[in-house]
Amino acid sequence: VTPRGLRLRVDAMTGATRGYEVHIRAGALDDLPGRIGAAAPASVYVIITPRELAATYGARALAALHASGFGAELLPFDGGEASKTRETWAALTDRMLELRLGRDTCVIALGGGVTGDLAGFVAATYMRGLPFVQVPTTLLAMIDASVGGKTGIDTPAGKNLVGAFHAPRLVVVDPLALRTLPPRELRSGLAEAVKHGAILDADYFDWIADNAGALLDLDAPALAHLIARSVELKAGIVSEDPHELGRRTILNFGHTVAHALERHSGFTIPHGFAVAQGMLVEARIGEIVGITAAGTATSLARVLHAFQLTGGAAVAYDDLIAAMQIDKKARRAEPRFVLLRRLGACAPDAHGSWVHQVAPDVTRRALESVAEAAPGV
Ligand SMILES: NC(=O)c1ccc[n+]([C@@H]2O[C@H](COP(=O)([O-])OP(=O)(O)OC[C@H]3O[C@@H](n4cnc5c(N)ncnc54)[C@H](O)[C@@H]3O)[C@@H](O)[C@H]2O)c1
Ligand SMILES: [Zn+2]
């Protein structure tokens, strides 16, 4: 990381005219007041953060804002996916109404992807929309959830079913925050970085494979490079297709199988672990139907194994295939998959669509072949 940090400009998010800056720097949390004052001027800043981070990162951000003369409030909520609900949204917006906060308020989402989605949705809806700033503290949120303007909550019918596109004014990423993150969460985030390399950039994929040890050891320059490159790749795709009408779909590589695995496990498998298994299965599907270069699944498995993201509980294939048929991307109950051409490139189908319809028996063969290579799925 250079002393000044890395600045990426993300353009045309959500069709809005203004782009926003992603500021990545070890120690960037200390830059928060200065950055925020310029990018998102407001009378009051509301920091929404999970309770478990309130005493540490939350208190630090609050003190820094107060010290710089800003009005600021800390609004903790019970973290975790189970809190990404209408009820938490209602409690937070009620609290903001009690505090008599008006349209001159800016929301700061300080936490992982759950916080970003929830606080972003609060910002999108409170008084018909407030500016907000993302301060992601998990690797997944840094490289994935905080980029792209999707906000929302879960409902009993499924994840992320109620939400809005609402782009942040600024994203501030401090890789040092990853030092307190449980290792399992770090590895889960690394799966999405591997995905970015697999779908878009073979050199980046190789770099991740070569630097797996440094990344797991939280080497600061390696992490800063990973975050910057992943944000750049995701931002590029999102800017081109903000509302996921076309190529943005390729970010769903591995996710048809991953969502089925997550649902099947009652959401006990961490997302990144499900994505890792999903990428292996979907690479094998592509190899079986002759679209993906032979050996791609093996190369993926090598990297994912280095991050201890392979293996896992065995599941019944029929149940898994059934779960895929109720996926959001499944049209007319046929599961659809993003397929690689090779590492670093995706393959459109004959009609130019980025998702392919695949017969269930091919999916079954792919599941069996991945399970044979590594026990579990
Ligand atoms: N909007 C999008 O485009 C998008 C993309 C991908 C994922 N998501 C969403 O992101 C969510 C998952 O996000 P996640 O994996 O970050 O989970 P998370 O937000 O639940 O965070 C994981 C856990 O780590 C804790 N934590 C966060 N930062 C920490 C730190 N620095 N030190 C110690 N503990 C810390 C959290 O409090 C939580 O308990 C899902 O709800 C998913 O739908 C959204
Ligand atoms: Zn994902």
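The values are calculated or read from the model by the stated rules, or taken from the named source; none is laboratory data. Everything quoted here is computed from the prediction, not taken from an experiment. Cβ atoms come from the backbone with ideal geometry, glycine included; neighbour counts cover every protein chain shown.
Data overview
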quantity	calculated
Selection status of Val114, modelled with pLDDT of 95 or more, in contact with a strand residue (DSSP E or B) (Cβ under 8 Å, 6 or more places away or on another chain) and assigned to a strand (DSSP E or B)	no
Qualifying position, being within 12 Å of ligand 1 (Cβ to nearest atom) and either touching a strand residue (DSSP E or B) at 6+ places or on another chain (Cβ under 6 Å) or among the charged types (D, E, K, R) (or both), among Arg169, Arg103, Arg184, Arg128	Arg184
Subset of the range 133-169 (residues that are of a type in the set (S, T, N, Q) and within 12 Å of ligand 2 (Cβ to nearest atom))	Asn160
When residues of the range 264-297 are limited to those that are within 13 Å of ligand 2 (Cβ to nearest atom) and not in a helix (DSSP H, G or I), the one surrounded by the fewest Cβ atoms within 10 Å (Cβ to Cβ)	Pro270
Among the residues listed as Asp219, Asp174, the single one being away from ligand 1 (no atom under 11 Å from the Cβ) and of a type in the set (Asp, Glu)	Asp219
Strands (runs of 3 or more DSSP E) (entirely within the range 126-188) containing at least 1 residues that are of a type in the set (Gly, Ala, Ser)	150-155, 158-165
Pair list, Cβ < 7 Å and 6+ apart or interchain, from the range 178-207 residues that are under 20 Å from Ile250 (Cβ atoms) to residues that are surrounded by 15 or more Cβ atoms within 10 Å (Cβ to Cβ) and among the acidic types (Asp, Glu)	Glu192/Asp144
Selection status of Leu110, closer than 17 Å to Arg51 by Cβ, out of contact with any Lys or Arg (no Cβ under 9 Å at 6 or more places or on another chain) and within 15 Å of ligand 1 (Cβ to nearest atom)	yes
Hits in the range 45-63 (condition: under 21 Å from the mean Cα position of the chain (by Cα) and among the β-branched types (Val, Ile, Thr))	Ile47, Ile48, Thr49
Residues within the range 276-297 that are more than 17 Å from Glu368 (Cα to Cα) and either within 24 Å of the chain's Cα centre (by Cα) or in contact (Cβ under 8 Å) with a residue 40 or more places away in the chain (or both), tallied	3
Any hit, the range 230-245, residues being within 16 Å of ligand 2 (Cβ to nearest atom) and touching a His at 6+ places or on another chain (Cβ under 6 Å)	yes
Of the criteria (1) assigned to a strand (DSSP E or B); (2) more than 9 Å from ligand 1 (Cβ to nearest atom); (3) crowded, with 21+ Cβ neighbours inside 10 Å, which one Pro76 fails	(3)
